[in-house]
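The values are calculated or read from the model by the stated rules, or taken from the named source; none is laboratory data. Fair warning: this is a prediction, and the values are worked out from it, not measured in the lab. Because the Cβ atoms are built from the backbone with ideal geometry, glycine has one as well, and the counts that use them run over all protein chains shown. These accessible areas exclude ligands, DNA and RNA; they are computed on the full protein's heavy atoms, side chains included. Shrake-Rupley method; radii C 1.70, N 1.55, O 1.52, S 1.80 Å.
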Amino acid sequence: MALYPWPLLNGHDKDLGGGFVVRRLLPAASMRSVGPFVFFDHFGPVQVRASDNHDVRPHPHIGLATVTYLFDGAMMHRDSLGTEQRIEPGAVNWMSAGSGIVHSERAPANLRGTSYLNHGLQLWVALPEALEDSAPSFSHTPAKDLPEYAAGGVQVRVLAGRAFGLVSPVPVASPTLYLDVRLAQGSAIKLACEEQELALYAVDAPLLINGQEIPARTMAVLNGVDEVRISNSGAPTRCVVIGGAPLGPRFMWWNFVATRKELIHEAAQAWREQRFAGVPGETEFIPLPALALPS
């Protein structure tokens, strides 16, 4: 087995229900977070059948921002603010839960009963402690509004933060970096690791970091590295880079993230008693799970 100069996270498969399986990289036993990112799910690519139901019913969040990014497919986001937003490939959808929000993610009406390819990422970013009790909000940034760098067979889309002299318009709550990188065969790019914490995830094929191969669907944690050379000697491949300034320890339970356990207990009780604002037009919801609350 190769010895890597940085930790590798292999993740694990998790069935969210109805056969909707995701690859979960964060949190991991050996790495709870990377910068402000506390959760990393990769779903697909999967061919959704006409008979499949991968809808995610209304559920609550506190203390985090969900970041949804699609490579293929589409989904309909609805939340307790009254937002209805179709999410399509290349756009960034940033939902800040703050003190509390409820949302659902369902197949758009025009895709129901059809077969289509579904592929994307959902990440969670912990909010700074000062914003835990902030008002919830939703921001949609269309694909056309995200800056892009291209050179020598490499294409980099700056989804959040700044890189290669470009700045994403996506509103972030703390120093954050999120890049979508595509490499043609034989291409390479150098990445200055200016962020305090940084990780790279190989989405669909192996790639090389400083000449060392990283398997597909694996995350390399690059904390403490000044600069890396990302290259590709095989078929065209894609990777994402995440990072930023760490926000300190967080408690995570179900869909809640907080600096204090008491906030999680309060949110769980509020959801149990259905005191969260509802999603207009929705009658279903995901019940509170039978999990021990943090003590």
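Quick notes on this structure:
- For first residues located in segment 95-115 and of a type in the set (K, R), partners that are part of a loop (DSSP other than H, G, I, E, B) and lie 6+ apart or on another chain with Cβ distances below 6 Å form the pairs R106/D55.
- Any hit, segment 187-195, residues being open to solvent by less than 60 Å² (accessible area, probe 1.4 Å), of a type in the set (A, V, I, L, M, F, W, C), in contact (Cβ under 8 Å) with a residue 60 or more places away in the chain and in contact with a strand residue (DSSP E or B) (Cβ under 8 Å, 6 or more places away or on another chain): no
- In segment 116-151, the qualifying residues are those that are free of Cβ contacts under 8 Å to residues at least 40 places away in the same chain and surrounded by 15 or more Cβ atoms within 10 Å (Cβ to Cβ), and the one that is nearest to the chain's Cα centre (by Cα) is P147.
- Screening G35, G44 for residues that are out of contact with any Lys or Arg (no Cβ under 8 Å at 6 or more places or on another chain) and open to solvent by 10 Å² or more (accessible area, probe 1.4 Å) leaves exactly one candidate, G44.
- The C-beta contact set for segment 270-285 (first residue touching a residue at least 12 places away in the same chain (Cβ under 8 Å), second residue surrounded by 14 or more Cβ atoms within 10 Å (Cβ to Cβ) and part of a loop (DSSP other than H, G, I, E, B), distance under 7 angstrom, 6+ apart or interchain) comprises A270/F276; W271/L288; R272/L288; F276/S80; F276/G100; A277/S80; G278/S80; V279/S80.
- Members of segment 62-79 found to be surrounded by 20 or more Cβ atoms within 10 Å (Cβ to Cβ) and part of a loop (DSSP other than H, G, I, E, B), listed by number: G63, G73
- Of all residues in segment 249-262 being open to solvent by less than 40 Å² (accessible area, probe 1.4 Å) and in contact (Cβ under 8 Å) with a residue 60 or more places away in the chain, the one that is nearest to R106 (Cα to Cα): N255
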